[in-house]
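J.: If you scroll down you'll find the structure; I have some questions about it.
The values are calculated or read from the model by the stated rules, or taken from the named source; none is laboratory data. Worth saying up front: this structure is predicted, and the values here are computed from it rather than measured. Glycine also receives a Cβ, built like all others from the backbone with ideal geometry; neighbour counts cover every protein chain displayed.
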Amino acid sequence: MRFQAPRGTEDVVPNESRTWVWLEQTFRELCHRYGYSEVRTPTFEDTGLFTRGLGEGTDIVNKEMYTFVDRGGRSITLKPEGTAPAIRAYVEHSLGSQGQITKLFYVTPIFRYERPQKGRLREAHQTGLELIGAQTPESDAEVIEMSVRFYEMLGLRNLAARINSLGSNESRKTYREALLEHARPLLADLPTEFRERCEKNPLRILDSKDETLRERLTDAPVILNYLDDESRRHFEAIQGCLSALDIPYVVDPRIVRGLDYYTGCVFEIHAEGIGAQSALCGGGRYDGLIEEIGGPPTPAVGVAMGIERALLALEVSGAAPAFEPLLHLFAVCLTERHAEFCKIVSQLRGQGIRVDTDLQFRSAKSQFRQADKSGASLALAIGDDELDSGTFKLKRLADGAEFTSTADTLYEDTLAYVSRS
Ligand code: HAM
(Lines give C-alpha, C1' and ligand atoms only; values in the text may rest on other atoms or scores of the structure.)
Protein backbone atom coordinates (compact mmCIF):
# COMPACT_ATOMS: atom_id res chain seq x y z
CA MET A 1 0.00 0.00 0.00
CA ARG A 2 1.51 3.32 -1.07
CA PHE A 3 0.38 6.64 0.30
CA GLN A 4 0.47 10.14 -1.08
CA ALA A 5 0.53 13.47 0.70
CA PRO A 6 -3.12 14.45 1.36
CA ARG A 7 -4.86 16.57 -1.28
CA GLY A 8 -3.94 20.22 -0.89
CA THR A 9 -0.71 19.54 1.00
CA GLU A 10 2.86 19.54 -0.27
CA ASP A 11 6.11 17.99 0.84
CA VAL A 12 9.12 20.26 0.83
CA VAL A 13 11.88 18.02 -0.51
CA PRO A 14 15.57 18.58 0.27
CA ASN A 15 16.50 20.67 -2.77
CA GLU A 16 13.57 23.02 -1.99
CA SER A 17 13.93 23.24 1.76
CA ARG A 18 17.00 25.49 1.61
CA THR A 19 14.97 28.11 -0.23
CA TRP A 20 12.34 27.88 2.51
CA VAL A 21 14.96 28.31 5.23
CA TRP A 22 16.46 31.26 3.36
CA LEU A 23 13.03 32.88 2.98
CA GLU A 24 12.24 32.39 6.66
CA GLN A 25 15.63 33.76 7.69
CA THR A 26 15.12 36.79 5.45
CA PHE A 27 11.78 37.38 7.15
CA ARG A 28 13.27 37.01 10.63
CA GLU A 29 16.06 39.43 9.70
CA LEU A 30 13.48 41.95 8.44
CA CYS A 31 11.44 41.64 11.65
CA HIS A 32 14.49 42.04 13.87
CA ARG A 33 15.40 45.23 12.00
CA TYR A 34 12.02 46.69 12.94
CA GLY A 35 12.05 45.52 16.56
CA TYR A 36 9.69 42.51 16.34
CA SER A 37 9.98 39.35 18.47
CA GLU A 38 8.87 35.88 17.46
CA VAL A 39 5.81 34.21 18.95
CA ARG A 40 5.00 30.53 18.40
CA THR A 41 1.46 29.39 19.01
CA PRO A 42 -0.10 25.90 18.93
CA THR A 43 -1.22 24.29 15.69
CA PHE A 44 -4.76 24.02 17.07
CA GLU A 45 -6.90 26.28 19.20
CA ASP A 46 -10.39 26.32 20.72
CA THR A 47 -12.78 26.68 17.80
CA GLY A 48 -14.42 29.66 19.50
CA LEU A 49 -11.27 31.75 19.05
CA PHE A 50 -11.80 31.72 15.31
CA THR A 51 -15.60 31.87 15.13
CA ARG A 52 -15.47 34.89 17.42
CA GLY A 53 -12.28 36.42 16.11
CA LEU A 54 -12.64 36.04 12.35
CA GLY A 55 -16.42 36.44 12.15
CA GLU A 56 -19.28 33.99 11.59
CA GLY A 57 -20.02 35.43 8.16
CA THR A 58 -16.59 34.75 6.68
CA ASP A 59 -15.80 31.99 4.19
CA ILE A 60 -13.03 30.75 6.46
CA VAL A 61 -15.35 30.16 9.41
CA ASN A 62 -18.31 28.99 7.33
CA LYS A 63 -16.66 26.61 4.94
CA GLU A 64 -12.96 26.18 5.40
CA MET A 65 -12.05 25.31 8.96
CA TYR A 66 -10.62 21.96 9.96
CA THR A 67 -12.74 21.49 13.04
CA PHE A 68 -13.12 18.34 15.11
CA VAL A 69 -14.14 17.21 18.55
CA ASP A 70 -11.21 15.77 20.47
CA ARG A 71 -11.38 12.79 22.79
CA GLY A 72 -12.16 15.10 25.68
CA GLY A 73 -15.24 16.47 23.91
CA ARG A 74 -13.70 19.89 23.09
CA SER A 75 -14.22 21.57 19.74
CA ILE A 76 -10.77 22.12 18.26
CA THR A 77 -9.74 23.87 15.04
CA LEU A 78 -6.44 23.73 13.17
CA LYS A 79 -5.44 27.37 12.86
CA PRO A 80 -6.68 28.86 9.58
CA GLU A 81 -4.56 31.99 10.12
CA GLY A 82 -2.03 33.37 12.57
CA THR A 83 -3.51 36.64 13.83
CA ALA A 84 -6.17 35.37 16.25
CA PRO A 85 -3.72 32.89 17.88
CA ALA A 86 -1.00 35.57 18.20
CA ILE A 87 -3.51 37.95 19.79
CA ARG A 88 -4.80 35.19 22.07
CA ALA A 89 -1.20 34.62 23.25
CA TYR A 90 -0.72 38.40 23.66
CA VAL A 91 -3.77 38.60 25.92
CA GLU A 92 -3.11 35.34 27.77
CA HIS A 93 0.47 36.22 28.68
CA SER A 94 -0.14 39.97 29.12
CA LEU A 95 2.61 40.63 26.57
CA GLY A 96 1.77 44.31 26.35
CA SER A 97 0.98 46.98 28.86
CA GLN A 98 -1.29 49.96 28.48
CA GLY A 99 0.11 52.64 26.21
CA GLN A 100 2.99 50.47 25.02
CA ILE A 101 3.62 48.95 21.62
CA THR A 102 4.17 45.21 21.26
CA LYS A 103 5.58 43.85 18.01
CA LEU A 104 5.16 40.14 17.30
CA PHE A 105 6.01 38.01 14.31
CA TYR A 106 5.47 34.35 13.42
CA VAL A 107 6.12 31.71 10.81
CA THR A 108 3.29 29.21 10.77
CA PRO A 109 1.37 26.59 8.83
CA ILE A 110 -2.30 27.45 8.23
CA PHE A 111 -5.13 25.07 7.40
CA ARG A 112 -8.07 25.92 5.15
CA TYR A 113 -10.38 23.45 3.46
CA GLU A 114 -10.33 25.21 0.09
CA ARG A 115 -10.40 23.85 -3.44
CA PRO A 116 -6.71 23.26 -4.12
CA GLN A 117 -5.18 24.95 -7.13
CA LYS A 118 -1.92 26.64 -8.04
CA GLY A 119 -0.97 28.84 -5.08
CA ARG A 120 -3.89 27.61 -2.98
CA LEU A 121 -3.35 24.76 -0.56
CA ARG A 122 -5.20 23.20 2.32
CA GLU A 123 -2.07 23.34 4.40
CA ALA A 124 -0.23 26.53 3.47
CA HIS A 125 2.42 28.53 5.30
CA GLN A 126 2.58 32.15 6.30
CA THR A 127 5.08 34.59 7.66
CA GLY A 128 3.18 37.25 9.56
CA LEU A 129 3.54 40.15 11.96
CA GLU A 130 1.31 42.10 14.30
CA LEU A 131 1.97 45.62 15.58
CA ILE A 132 -0.14 45.94 18.72
CA GLY A 133 -0.95 49.08 20.69
CA ALA A 134 -0.50 51.85 18.12
CA GLN A 135 -3.20 53.77 16.34
CA THR A 136 -1.06 56.22 14.36
CA PRO A 137 -1.06 56.24 10.54
CA GLU A 138 2.71 55.73 10.75
CA SER A 139 2.11 52.30 12.27
CA ASP A 140 -0.12 51.26 9.32
CA ALA A 141 2.57 52.63 7.00
CA GLU A 142 5.30 50.68 8.80
CA VAL A 143 3.46 47.39 8.31
CA ILE A 144 2.90 48.15 4.61
CA GLU A 145 6.53 49.23 4.27
CA MET A 146 7.74 45.99 5.88
CA SER A 147 5.64 43.95 3.46
CA VAL A 148 7.15 45.69 0.44
CA ARG A 149 10.67 45.53 1.91
CA PHE A 150 10.29 41.81 2.51
CA TYR A 151 9.70 41.14 -1.17
CA GLU A 152 12.52 43.51 -2.09
CA MET A 153 14.86 41.58 0.20
CA LEU A 154 13.80 38.37 -1.54
CA GLY A 155 14.69 39.92 -4.89
CA LEU A 156 11.17 40.55 -6.21
CA ARG A 157 10.82 43.88 -7.97
CA ASN A 158 8.06 46.21 -9.15
CA LEU A 159 5.51 45.25 -6.52
CA ALA A 160 3.07 47.90 -5.39
CA ALA A 161 0.83 47.71 -2.34
CA ARG A 162 -2.89 48.02 -3.09
CA ILE A 163 -4.39 49.95 -0.23
CA ASN A 164 -7.92 50.83 0.82
CA SER A 165 -9.73 52.06 3.89
CA LEU A 166 -12.77 50.38 5.40
CA GLY A 167 -13.42 53.47 7.51
CA SER A 168 -15.01 53.56 10.94
CA ASN A 169 -17.72 51.16 12.10
CA GLU A 170 -20.32 53.84 11.45
CA SER A 171 -19.19 54.77 7.94
CA ARG A 172 -18.75 51.12 7.02
CA LYS A 173 -22.31 50.41 8.07
CA THR A 174 -23.66 53.19 5.86
CA TYR A 175 -21.52 52.00 2.98
CA ARG A 176 -22.66 48.39 3.37
CA GLU A 177 -26.27 49.45 3.09
CA ALA A 178 -25.57 51.57 0.01
CA LEU A 179 -23.64 48.76 -1.63
CA LEU A 180 -26.28 46.18 -0.91
CA GLU A 181 -29.03 48.39 -2.24
CA HIS A 182 -27.07 48.88 -5.44
CA ALA A 183 -26.11 45.21 -5.76
CA ARG A 184 -29.36 43.44 -4.83
CA PRO A 185 -30.92 43.62 -8.31
CA LEU A 186 -27.62 42.51 -9.85
CA LEU A 187 -27.48 39.46 -7.59
CA ALA A 188 -31.02 38.28 -8.37
CA ASP A 189 -30.01 35.44 -10.71
CA LEU A 190 -27.09 34.23 -8.60
CA PRO A 191 -27.23 31.17 -6.29
CA THR A 192 -29.21 31.67 -3.08
CA GLU A 193 -26.26 30.68 -0.95
CA PHE A 194 -24.12 33.43 -2.47
CA ARG A 195 -26.92 35.99 -2.08
CA GLU A 196 -27.35 35.07 1.56
CA ARG A 197 -23.65 35.48 2.16
CA CYS A 198 -23.74 38.89 0.51
CA GLU A 199 -26.66 39.96 2.70
CA LYS A 200 -24.64 39.00 5.78
CA ASN A 201 -21.39 40.48 4.59
CA PRO A 202 -21.96 42.85 1.64
CA LEU A 203 -18.26 43.76 1.29
CA ARG A 204 -17.66 40.23 0.00
CA ILE A 205 -19.56 41.19 -3.16
CA LEU A 206 -16.64 43.36 -4.15
CA ASP A 207 -13.92 40.75 -4.13
CA SER A 208 -16.03 38.10 -5.84
CA LYS A 209 -14.03 36.06 -8.35
CA ASP A 210 -17.05 36.00 -10.70
CA GLU A 211 -16.01 38.10 -13.72
CA THR A 212 -19.58 38.85 -14.88
CA LEU A 213 -20.54 40.02 -11.42
CA ARG A 214 -17.43 42.16 -11.30
CA GLU A 215 -18.41 43.76 -14.60
CA ARG A 216 -21.93 44.40 -13.37
CA LEU A 217 -20.52 46.14 -10.34
CA THR A 218 -18.42 48.73 -12.15
CA ASP A 219 -20.87 51.47 -11.11
CA ALA A 220 -21.16 50.28 -7.50
CA PRO A 221 -20.66 52.89 -4.78
CA VAL A 222 -17.04 53.28 -3.72
CA ILE A 223 -16.19 52.91 -0.04
CA LEU A 224 -13.75 55.80 -0.06
CA ASN A 225 -16.63 58.19 -0.74
CA TYR A 226 -18.26 57.10 2.52
CA LEU A 227 -15.32 57.66 4.84
CA ASP A 228 -15.84 59.93 7.83
CA ASP A 229 -13.37 62.81 8.27
CA GLU A 230 -11.22 61.03 10.83
CA SER A 231 -10.82 57.91 8.67
CA ARG A 232 -10.10 60.01 5.59
CA ARG A 233 -7.41 62.00 7.41
CA HIS A 234 -5.88 58.78 8.73
CA PHE A 235 -5.88 57.21 5.27
CA GLU A 236 -4.32 60.30 3.71
CA ALA A 237 -1.63 60.41 6.37
CA ILE A 238 -0.75 56.76 5.63
CA GLN A 239 -0.35 57.66 1.98
CA GLY A 240 1.81 60.66 2.86
CA CYS A 241 4.04 58.43 4.93
CA LEU A 242 4.29 55.75 2.22
CA SER A 243 5.28 58.41 -0.32
CA ALA A 244 7.95 59.74 2.03
CA LEU A 245 9.28 56.19 2.45
CA ASP A 246 9.27 55.65 -1.33
CA ILE A 247 6.89 52.74 -1.04
CA PRO A 248 5.01 52.13 -4.30
CA TYR A 249 1.26 51.91 -3.69
CA VAL A 250 -2.07 52.34 -5.45
CA VAL A 251 -5.42 53.05 -3.88
CA ASP A 252 -7.75 50.18 -4.78
CA PRO A 253 -11.27 50.37 -3.31
CA ARG A 254 -11.88 46.71 -4.21
CA ILE A 255 -9.51 45.51 -1.51
CA VAL A 256 -11.94 44.55 1.26
CA ARG A 257 -10.28 41.38 2.70
CA GLY A 258 -11.95 38.14 3.69
CA LEU A 259 -11.89 38.46 7.46
CA ASP A 260 -14.33 40.40 9.60
CA TYR A 261 -11.86 41.85 12.07
CA TYR A 262 -10.56 44.66 9.87
CA THR A 263 -11.53 48.15 10.87
CA GLY A 264 -9.48 50.73 8.95
CA CYS A 265 -6.76 50.65 6.33
CA VAL A 266 -6.43 47.30 4.53
CA PHE A 267 -3.96 46.27 1.88
CA GLU A 268 -2.68 43.48 -0.35
CA ILE A 269 0.31 42.98 -2.62
CA HIS A 270 -0.26 40.96 -5.78
CA ALA A 271 2.22 39.36 -8.17
CA GLU A 272 1.78 38.74 -11.87
CA GLY A 273 2.31 35.39 -13.51
CA ILE A 274 1.57 33.14 -10.51
CA GLY A 275 -2.00 32.27 -11.50
CA ALA A 276 -5.43 33.26 -10.26
CA GLN A 277 -4.29 33.24 -6.63
CA SER A 278 -2.13 36.30 -7.05
CA ALA A 279 -2.23 37.83 -3.54
CA LEU A 280 1.24 37.50 -2.05
CA CYS A 281 0.15 39.01 1.23
CA GLY A 282 -2.73 40.77 2.92
CA GLY A 283 -3.30 42.70 6.08
CA GLY A 284 -4.64 45.78 7.71
CA ARG A 285 -5.85 47.43 10.88
CA TYR A 286 -8.05 45.55 13.32
CA ASP A 287 -8.77 47.73 16.33
CA GLY A 288 -11.59 45.60 17.78
CA LEU A 289 -10.15 42.08 17.81
CA ILE A 290 -8.25 42.23 21.07
CA GLU A 291 -11.31 43.34 23.01
CA GLU A 292 -13.45 40.82 21.11
CA ILE A 293 -11.36 37.95 22.46
CA GLY A 294 -11.21 39.16 26.03
CA GLY A 295 -8.37 41.69 26.16
CA PRO A 296 -8.46 45.40 26.89
CA PRO A 297 -9.46 47.66 23.97
CA THR A 298 -6.21 47.90 22.00
CA PRO A 299 -5.57 49.02 18.44
CA ALA A 300 -3.49 46.78 16.17
CA VAL A 301 -2.37 46.36 12.59
CA GLY A 302 -0.68 43.44 10.86
CA VAL A 303 -0.01 41.42 7.75
CA ALA A 304 0.56 37.82 6.67
CA MET A 305 2.50 36.68 3.63
CA GLY A 306 1.96 33.32 1.92
CA ILE A 307 5.26 31.45 1.71
CA GLU A 308 4.22 29.19 -1.18
CA ARG A 309 3.08 32.19 -3.21
CA ALA A 310 6.31 34.09 -2.57
CA LEU A 311 8.21 31.02 -3.79
CA LEU A 312 6.02 30.85 -6.92
CA ALA A 313 6.71 34.53 -7.62
CA LEU A 314 10.44 33.96 -7.15
CA GLU A 315 10.35 31.06 -9.57
CA VAL A 316 8.40 33.01 -12.20
CA SER A 317 10.64 36.06 -11.94
CA GLY A 318 13.84 33.99 -12.01
CA ALA A 319 14.92 35.59 -8.73
CA ALA A 320 15.13 32.32 -6.77
CA PRO A 321 18.57 32.08 -5.17
CA ALA A 322 21.17 29.47 -6.13
CA PHE A 323 22.98 27.89 -3.20
CA GLU A 324 26.52 26.61 -2.77
CA PRO A 325 26.64 22.88 -1.96
CA LEU A 326 26.43 22.26 1.77
CA LEU A 327 29.11 19.56 2.02
CA HIS A 328 32.76 20.50 2.38
CA LEU A 329 34.23 17.07 2.14
CA PHE A 330 33.49 13.47 1.22
CA ALA A 331 35.68 11.00 3.10
CA VAL A 332 36.48 7.85 1.11
CA CYS A 333 37.35 4.81 3.21
CA LEU A 334 40.15 2.62 1.75
CA THR A 335 40.89 0.63 4.91
CA GLU A 336 39.35 -2.15 6.93
CA ARG A 337 40.06 -0.09 10.07
CA HIS A 338 36.57 1.40 9.96
CA ALA A 339 36.51 2.62 13.55
CA GLU A 340 39.70 4.66 13.04
CA PHE A 341 38.27 6.07 9.83
CA CYS A 342 35.06 7.02 11.65
CA LYS A 343 37.09 8.71 14.38
CA ILE A 344 38.84 11.04 11.94
CA VAL A 345 35.52 11.88 10.28
CA SER A 346 33.92 12.51 13.66
CA GLN A 347 36.79 14.80 14.72
CA LEU A 348 36.40 16.87 11.55
CA ARG A 349 32.65 17.14 12.12
CA GLY A 350 33.30 18.13 15.71
CA GLN A 351 35.41 21.01 14.41
CA GLY A 352 32.58 22.17 12.14
CA ILE A 353 33.60 20.58 8.82
CA ARG A 354 30.63 19.16 6.90
CA VAL A 355 31.58 15.61 5.99
CA ASP A 356 29.70 12.75 4.39
CA THR A 357 30.85 9.15 3.97
CA ASP A 358 29.65 5.88 2.51
CA LEU A 359 28.60 3.96 5.59
CA GLN A 360 28.30 0.81 3.51
CA PHE A 361 32.04 0.89 2.76
CA ARG A 362 31.61 -0.08 -0.89
CA SER A 363 34.44 -0.26 -3.43
CA ALA A 364 36.82 2.70 -3.85
CA LYS A 365 35.32 3.32 -7.29
CA SER A 366 31.75 3.61 -6.04
CA GLN A 367 32.83 5.78 -3.10
CA PHE A 368 34.62 8.21 -5.45
CA ARG A 369 31.54 8.21 -7.69
CA GLN A 370 29.41 9.03 -4.66
CA ALA A 371 31.89 11.78 -3.70
CA ASP A 372 31.48 13.35 -7.16
CA LYS A 373 27.69 13.25 -6.86
CA SER A 374 27.63 14.55 -3.29
CA GLY A 375 28.36 18.16 -4.25
CA ALA A 376 31.29 18.24 -1.79
CA SER A 377 34.24 20.43 -2.78
CA LEU A 378 36.88 17.96 -1.63
CA ALA A 379 37.46 14.23 -1.28
CA LEU A 380 39.66 12.79 1.42
CA ALA A 381 40.85 9.22 0.87
CA ILE A 382 41.81 7.41 4.09
CA GLY A 383 43.67 4.10 3.79
CA ASP A 384 46.09 2.17 6.02
CA ASP A 385 49.03 4.36 4.89
CA GLU A 386 47.23 7.55 5.83
CA LEU A 387 46.20 6.15 9.21
CA ASP A 388 49.77 5.01 9.93
CA SER A 389 51.60 8.11 8.68
CA GLY A 390 49.10 10.79 9.66
CA THR A 391 49.55 12.33 6.19
CA PHE A 392 46.52 12.78 3.97
CA LYS A 393 45.68 13.83 0.43
CA LEU A 394 42.80 16.19 -0.22
CA LYS A 395 41.47 16.03 -3.75
CA ARG A 396 39.58 18.98 -5.20
CA LEU A 397 36.70 17.37 -7.03
CA ALA A 398 36.15 20.17 -9.55
CA ASP A 399 39.54 19.73 -11.26
CA GLY A 400 41.24 16.76 -9.59
CA ALA A 401 44.02 18.90 -8.04
CA GLU A 402 45.60 17.25 -4.96
CA PHE A 403 46.91 18.79 -1.76
CA THR A 404 48.83 17.17 1.07
CA SER A 405 47.71 17.62 4.64
CA THR A 406 48.44 16.17 8.09
CA ALA A 407 46.26 15.02 10.96
CA ASP A 408 47.06 18.27 12.77
CA THR A 409 46.29 20.59 9.88
CA LEU A 410 43.42 18.73 8.20
CA TYR A 411 40.81 21.09 9.59
CA GLU A 412 42.55 24.31 8.45
CA ASP A 413 43.57 22.81 5.10
CA THR A 414 40.01 21.65 4.35
CA LEU A 415 38.61 25.10 5.03
CA ALA A 416 41.39 26.77 3.02
CA TYR A 417 40.91 24.56 -0.05
CA VAL A 418 37.10 24.73 0.18
CA SER A 419 37.23 28.52 0.09
CA ARG A 420 39.60 28.43 -2.89
CA SER A 421 37.53 25.97 -4.91
P1 HAM B 1 -5.13 36.24 4.38
O2 HAM B 1 -5.32 37.22 3.29
O3 HAM B 1 -6.22 35.28 4.61
O4 HAM B 1 -4.84 37.08 5.69
O5 HAM B 1 -3.80 35.43 4.11
C6 HAM B 1 -2.59 36.11 3.91
C7 HAM B 1 -1.81 35.45 2.78
O8 HAM B 1 -1.64 34.07 3.06
C9 HAM B 1 -2.50 35.48 1.42
O10 HAM B 1 -2.28 36.71 0.77
C11 HAM B 1 -1.83 34.32 0.72
O12 HAM B 1 -0.57 34.73 0.21
C13 HAM B 1 -1.60 33.32 1.85
N14 HAM B 1 -2.65 32.29 1.86
C15 HAM B 1 -3.84 32.35 2.48
N16 HAM B 1 -4.55 31.22 2.26
C17 HAM B 1 -3.78 30.44 1.48
C18 HAM B 1 -3.94 29.14 0.89
N19 HAM B 1 -5.04 28.42 1.08
N20 HAM B 1 -2.94 28.65 0.13
C21 HAM B 1 -1.79 29.36 -0.07
N22 HAM B 1 -1.60 30.58 0.47
C23 HAM B 1 -2.56 31.11 1.23
C24 HAM B 1 -4.60 36.54 6.92
O25 HAM B 1 -4.38 35.37 7.10
C26 HAM B 1 -4.54 37.56 8.03
N27 HAM B 1 -4.29 36.83 9.29
C28 HAM B 1 -3.48 38.59 7.75
C29 HAM B 1 -3.32 39.60 8.84
C30 HAM B 1 -2.35 39.63 9.78
N31 HAM B 1 -4.11 40.62 9.07
C32 HAM B 1 -3.67 41.28 10.12
N33 HAM B 1 -2.62 40.67 10.58
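J.: Please specify each residue of the stretch 353-373 satisfying the condition of being within 25 Å of S17 (Cα to Cα) and touching a residue at least 12 places away in the same chain (Cβ under 8 Å).
T.: I353, R354, V355, D356, T357, D358, Q370, A371, D372
Here is a yes/no grid of residues against (1) of a type in the set (A, V, I, L, M); (2) within 16 Å of the ligand (Cβ to nearest atom); (3) touching a residue at least 40 places away in the same chain (Cβ under 8 Å):
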| site | (1), (2), (3) |
| --- | --- |
| G119 | no, yes, yes |
| S139 | no, yes, yes |
| I144 | yes, yes, yes |
| L156 | yes, yes, yes |
| S165 | no, yes, yes |
| E181 | no, no, no |
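J.: Between a first residue in the stretch 1-20 that is among the hydroxyl-bearing types (S, T, Y) and a second residue that is part of a loop (DSSP other than H, G, I, E, B) and within 15 Å of the ligand (Cβ to nearest atom), which pairs have beta carbons less than 7 Å apart while being 6 or more apart in sequence or on different chains?
T.: Note: pairs meeting the criteria are T9/L121; T9/R122.
J.: Would you pick out the residues in the stretch 338-360 that are loosely packed, with under 15 Cβ neighbours inside 10 Å and either assigned to a loop (DSSP other than H, G, I, E, B) or not assigned by TED's automatic domain parsing to the domain that holds L410 (or both)?
T.: Selection gives Q351, G352, L359, Q360.
J.: Can you tell me which of N201, N225 is among the polar types (S, T, N, Q) and without any contact (Cβ under 8 Å) to a residue 24 or more places away in the chain?
T.: N225
J.: Now for a separate question. Quick one: which of D388, D384 is farther than 30 Å from P137 by Cα and in contact (Cβ under 8 Å) with a residue 24 or more places away in the chain? Outline the logic, then answer.
T.: Numbers: D388 fails: in contact (Cβ under 8 Å) with a residue 24 or more places away in the chain.
Residue meeting the stated conditions: D384.
J.: Still on this model: Looking only at the stretch 282-306, count every residue that is crowded, with 23+ Cβ neighbours inside 10 Å and assigned to a helix (DSSP H, G or I) and tell me the total.
T.: 2
J.: Moving on. Please list, ordered by first then second residue, the pairs with beta carbon atoms under 9 Å, 6 or more apart or interchain, first in the stretch 251-275 and farther than 24 Å from L121 by Cα, second assigned to a strand (DSSP E or B) and among the hydroxyl-bearing types (S, T, Y).
T.: As it stands, the answer is V251/S165; P253/S165; G264/S165; C265/S165, since those pairs meet every condition given.
J.: Next question. Sort out which residues of the stretch 256-276 are near the ligand (Cβ under 10 Å from one of its atoms) and under 22 Å from E230 (Cβ atoms), and write them in order of number.
T.: R257, Y261, Y262, V266, F267 - these are the residues of the stretch 256-276 that are near the ligand (Cβ under 10 Å from one of its atoms) and under 22 Å from E230 (Cβ atoms).
J.: So which residues in the stretch 367-421 are touching a helix residue (DSSP H, G or I) at 6+ places or on another chain (Cβ under 7 Å) and acidic (D, E)?
T.: Across the stretch 367-421, there are no qualifying residues.
J.: When the stretch 277-309 is examined, which residues are found to be more than 17 Å from L129 (Cβ to Cβ), in contact with a strand residue (DSSP E or B) (Cβ under 7 Å, 6 or more places away or on another chain) and either away from the ligand (no atom under 12 Å from the Cβ) or among the hydroxyl-bearing types (S, T, Y) (or both)?
T.: Within the stretch 277-309, just S278 meets the criteria.
J.: Another question about this same structure. Working carefully through the options E38, E81, find the one that is surrounded by 15 or more Cβ atoms within 10 Å (Cβ to Cβ), within 16 Å of L104 (Cβ to Cβ) and of a type outside the set (S, T, N, Q).
T.: Criteria check complete, one pass: E81.
J.: With the checklist (1) in contact with a Phe, Trp or Tyr (Cβ under 8 Å, 6 or more places away or on another chain); (2) modelled with pLDDT of 95 or more; (3) under 28 Å from I101 (Cα atoms) in hand, flag the one item G55 doesn't pass.
T.: (2)
J.: Hey, could you check the stretch 1-35 for residues that are of a type in the set (D, E) and assigned to a helix (DSSP H, G or I) and say which is surrounded by the fewest Cβ atoms within 10 Å (Cβ to Cβ)?
T.: Step one: filter the stretch 1-35 for residues of a type in the set (D, E), giving 10-11, 16, 24, 29.
Next, only the ones that are assigned to a helix (DSSP H, G or I) stay: 16, 24, 29.
Working: E16: 13, E24: 14, E29: 11.
The selected residue is E29.
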